[in-house]
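Below: the structure, in structure tokens.
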Amino acid sequence: MATTVNKSLNKYFEIIGLLYSCNHPDFMANKVLEKEIEELGINVEEFNKKVAVTLRKYLAAFHKEMVKENIEDYDFFFSDDDYEFILSIQFICANHPEWFEKDLNAIEEKEFALTFAKELLEEETGTITELPSLDERIALLNRTGFSSNTCWKLMLMLQSPQEKIEKLSKIIHSNAPAYEKAVAAIQRPLDKLLEDFPHGKYLFGSLHQNSNVTPTLVYPAVELVHANGEYPNSYIGLFTDAVYKMQEKEKSSQKNLLPMLKALSDSSKFDILLSLMKSPKYNLELAEELKLSAATISHHMNVLLNCRLVNVEKKDGRVYYTLSKETVENLLLKLRTMFLE
């Protein structure tokens, strides 16, 4: 079966994720995402410049307009620090938009329970045709490998799924206007991201073959795969391609690290950089100041240019060298990340 690519966000997946994120300070402050980015070996500062601005606007606009009603119901779904539970609910609800778009009374309780059981069992969906007994539900949840808290909450969902979905539906519908405002706040960059989706390369490309692929912004740089029978559902962050490129850049920068350190260990090259720190200079100026031949200066400059420690600019018919402060800053940041953090 061929891969199917959606070119729009899944409203229910996004709203549930936004409600959870806005109720947990670490998500709102991007701390969870930053930790994942660090584990990929990516410069967090660069990530924040390229990705976090759009994400912050998205979260902030939703948070400003979000509605908290029926606190007991809201807390059941969103208050616990239970990422496994909320992801399970996101996948299930996103796969069944009809639950939120028509009268729930028209859907039999058995249909809800079977859907939950099949979704939780993932690849063995064909084995469940009847409503599981209590013992079977417990066995089913134990096979998921989820935490005890997640299993307990999913057990409550399995016991009265129609009631729980009805309560969740009310929360979602009351926050639909907040979602629309959040989308409007980042409409221009979102349109561009959706137009380009799917991006060049995924971090885990092989996982998305024969899959129903949907973009997500609430998890901007994450790839989530839910194996629902033979046709898995994948949610791919809209900034995954940017993260992939940053990861490749970081790998490349590590290869360049030793040549840069070697260049800095040479006293003449180090003196050149100190001189350029004061002001841009051309070849003969550096040669006179450092008491070196023009040919020697040219040799040193070739090495420094290859390491991107210096830049060139033309002025008054001469080629001036300037210190690349950005490269020096990135070098110091890389060293700090590798040895101190």
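Only the coordinates and a few stated rules stand behind these numbers; no lab work does. Just so we're clear, the structure is a prediction, and the values are computed from it rather than from any experiment. A quick note on method: Cβ atoms are made from the backbone with ideal geometry, for glycine too, and the neighbour counts reach across all protein chains shown.
A cut-off under 12 angstrom between Cβ atoms defines the neighbours of Y320, and their net charge, with Lys, Arg +1 and Asp, Glu -1, is +1. The stretch between K102 and N48, if pulled fully straight at 0.36 nm per residue, gains 15.4 nm over its current Cα-Cα span. For H300, neighbours were defined as the other residues whose beta-carbon sits under 14 Å from its Cβ, and their charges (Lys and Arg +1, Asp and Glu -1) total 0. Spacing of the modelled spin labels on F339 and K315, each 7 Å from Cα toward Cβ, amounts to 3.3 nm. Distant-in-sequence amide contacts of K281, defined by a placed amide H-H separation under 5 Å and a gap of 5 or more residues or a different chain, comprise Y321. Local charge for F76 was computed over the other residues whose Cβ lies under 10 Å away, with Lys and Arg +1 and Asp and Glu -1, and equals -1.
Length available on full extension from K245 to E111: 0.36 nm per residue minus the Cα-Cα distance, which gives 43.9 nm. The separation of the stretch 141-188 from the stretch 256-295, counted between C-alpha centres, amounts to 60 Å. When the pairs K118/K170; K50/K269; K153/K192; K7/K334 are compared against a 27 Å limit on Cα-Cα distance, K50/K269; K153/K192; K7/K334 fall above it.
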